[in-house]
Amino acid sequence: MGSTANLSGPTTALMDMTRELATPSPGMPPASPRSGASRSAAPRRLRLLRALHAQPHRYPRLRWVGQSVTFLVLYGAPLLGLARFDLWDGRHFAAGRPAGLVYGLGALFIGVFSFYIITFVLNAALGRIFCGFGCPIGQASRLGDDVEAALATGHERLAARARAAAFALALAAGIALWLVSPRVFVEGSARAVLVTLGGVAGLATLIYLHGRFWRWRFCQDYCPIGIYYSAVQTAHGFGIHFDAASGTCKDCGSCDLVCPVDLHPRDLSRPKEGLGGIAIDGFPEESHCLTCGECVRACENQYRKEGRELVPLRLSLHAVRRPQSEPPRPPPRTPVAR
């Protein structure tokens, strides 16, 4: 087995950085996720994200596939007339046909309810995979992370801001299509056009500001769907699994540091405490996990050039099973200050 001291190039720099960023300062007590020490860990997390972004990975690509599917539904339903409650001229649509006010409003509610049913089915089979790969609000938060992680000088920060703003505008426009027909830009008065543009711009601004400043606190403390699933979590095998029996964990703490909702990926059975907003304490961290795979991404980078096919942390269908003759080893106990 290769030694990390023999690694070279960007992987060596990444591993050195993750050890430095994940190691608590001397004398710093363990902190709860909502303490001042947790806020001081945010810059270290962003520097770790910057290092991870330098390494190509499959999860960001899969995330954009998931986002594409979400936007296809978001734009497709109103454009095809499956559901629209038109606030401009009252020409509502339901199931592809013109409808009155009641049926148009009903189609809008059915569309929202159908979205909930789809996420419920995904949750039952794959955990909160939609939160990690398909939720546009989560993606806005992730793009906000990208802005913070980008270098403050040069074109990198400007490009990250442009991506975040473009995504916010696309999401706002998709939402607006459920409430206003695009014909307003052709047949509408100047006032109607200005009101529509102002509404889209205002919504896009709110989405952008959410991603820049509120970010993951919404997912953790206020998202109604996420809070529901944290309390009503179905049994499923897909998710984050830690192979404690292998004894290969470096205990670098990068998985804890990179988690956007302050979880401990190596011990998701522990109860989650210290939540705010309308979230409920006491449920296992597994129920709060977004299944985004960021912890796995950080872990895989630690083993990138050591020739190992399996790393101790995985996003998979089932946990790694070892022979019964091999005694399991306890997970590392070193806490990571947040």
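The values are calculated or read from the model by the stated rules, or taken from the named source; none is laboratory data. Keep in mind that this is a model prediction, so the values were computed, not measured. For neighbour counting, all protein chains shown are included, and Cβ atoms are generated from backbone atoms with ideal geometry for every residue, glycine included.
General remarks:
- Of residues in the stretch 215-256 being hydrophobic (A, V, I, L, M, F, W, C), in contact with a Ser or Thr (Cβ under 8 Å, 6 or more places away or on another chain) and modelled with pLDDT of 90 or more, the one surrounded by the most Cβ atoms within 10 Å (Cβ to Cβ): Ile240
- For the stretch 102-115, taking the residues that are surrounded by 13 or more Cβ atoms within 10 Å (Cβ to Cβ) and under 19 Å from Val232 (Cα atoms), the one that is modelled with the lowest pLDDT is identified as Phe115.
- Scanning the stretch 107-124 finds one or more residues that are closer than 16 Å to Ile175 by Cα and polar (S, T, N, Q).
- Qualifying residue in the stretch 136-143 (condition: at pLDDT 95 or above, in a helix (DSSP H, G or I) and over 19 Å from the mean Cα position of the chain (by Cα)): no
Each row is one residue, and each column tells you yes or no for (1) touching a Leu at 6+ places or on another chain (Cβ under 6 Å); (2) small (Gly, Ala, Ser); (3) not in a loop (DSSP other than H, G, I, E, B).
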| residue | (1), (2), (3) |
| --- | --- |
| Arg45 | yes, no, yes |
| Arg50 | no, no, yes |
| Pro56 | no, no, no |
| Arg61 | no, no, yes |
| Ser68 | no, yes, yes |
| Val73 | no, no, yes |
| Gly76 | no, yes, yes |
| Asp86 | no, no, no |
| Leu108 | no, no, yes |
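- Pair list, Cβ under 8 Å, 6 or more apart: the stretch 255-282 residue on the phi > 0 side of the Ramachandran plot, other residue hydrophobic (A, V, I, L, M, F, W, C): none
- Residues within the stretch 149-172 that are crowded, with 19+ Cβ neighbours inside 10 Å and either part of a helix (DSSP H, G or I) or touching a His at 6+ places or on another chain (Cβ under 7 Å) (or both), tallied: 7
- Count of the stretch 236-284 residues, restricted to those that are among the acidic types (Asp, Glu) and under 19 Å from the mean Cα position of the chain (by Cα), is 2.
- Out of Gly138, Gly174, Gly199, Gly132, sole residue that is over 30 Å from Ala94 (Cα atoms) and either of a type outside the set (D, E, K, R) or in contact with a Phe, Trp or Tyr (Cβ under 7 Å, 6 or more places away or on another chain) (or both): Gly132
- Among the residues of the stretch 184-203, just one is free of Cβ contacts under 8 Å to residues at least 12 places away in the same chain and assigned to a loop (DSSP other than H, G, I, E, B), namely Ser189.
- So Arg45, is it over 25 Å from Val200 (Cα atoms) and over 16 Å from the mean Cα position of the chain (by Cα): no
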